[in-house]
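Read through the structure below, which is laid out as structure tokens, and then see the notes.
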Amino acid sequence: MTIEDFTKYHDSEFIEHAYRAILKRDPDVSGKSIYLNALRLGEKTKIEILCILRFSSEGVGHNIFIKNLKKHYFRYRVLNLPIVGAIFSLFFILLRLPILVKEINQLHSKNDILLLRLREVDKSFGQVDNNFELTTKTIQEIVTIVDTKASEDDIRLLYQIVATKLDQKEAKIK
């Protein structure tokens, strides 16, 4: 197994998958809650949670191999040492700074793309709403004509008008 086999999952799905793969069981309610909150609050990363589960006494008993996790576990342990851990944390943050800046820029770009798509969807809903209003108005006109016992010719004429209007609307949408 690789770390990526786990990190492709998100939120509660990640916690559940990690428990099942590493500890060979579903997460208990308190464990799931603790790790899920830590993950959501940014207190723990996915890799840190994998390390905690894999190198716990229960995880060691199952002896699941996850490629490159040992080096992450060593780093996790060092970073949690008093004083030395803080110095190493600062060092690792400085090393990762260019990567983090790049990732932030990528997130901004993805956010802009999503915003554009959202605007397109909103615009499409506006067109659907206009079509719905037109259809409703047309149906009301038909009901009025039928209620006044319109002639067959009147109804055929109205049908042609409605069909033409709908065709025009479809052409505008395309």
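The values are calculated or read from the model by the stated rules, or taken from the named source; none is laboratory data. All figures in this text were calculated on a predicted structure; none of them were measured in a lab. Every residue, glycine among them, receives a Cβ derived from its backbone with ideal geometry; neighbour counts consider all protein chains shown.
Worth pointing out:
- The single residue among PHE125, PHE74, PHE88, PHE132 that is in contact with a helix residue (DSSP H, G or I) (Cβ under 8 Å, 6 or more places away or on another chain) and free of Cβ contacts under 8 Å to residues at least 24 places away in the same chain turns out to be PHE88.
- Summed over the stretch 76-88, residues that are surrounded by fewer than 16 Cβ atoms within 10 Å (Cβ to Cβ) and assigned to a helix (DSSP H, G or I) total 7.
- Only one entry in LEU90, LEU94, LEU118 is aliphatic (A, V, I, L, M), modelled with pLDDT of 75 or more and over 30 Å from ILE49 (Cβ atoms), namely LEU118.
- Boolean, THR2 is polar (S, T, N, Q) and more than 18 Å from the chain's Cα centre (by Cα): yes
- Residue within the stretch 57-64 that is loosely packed, with under 11 Cβ neighbours inside 10 Å, hydrophobic (A, V, I, L, M, F, W, C) and under 25 Å from MET1 (Cβ atoms) present: yes
- Selection count, the stretch 15-69, where residues are outside any helix (DSSP H, G or I) and among the polar types (S, T, N, Q): 4
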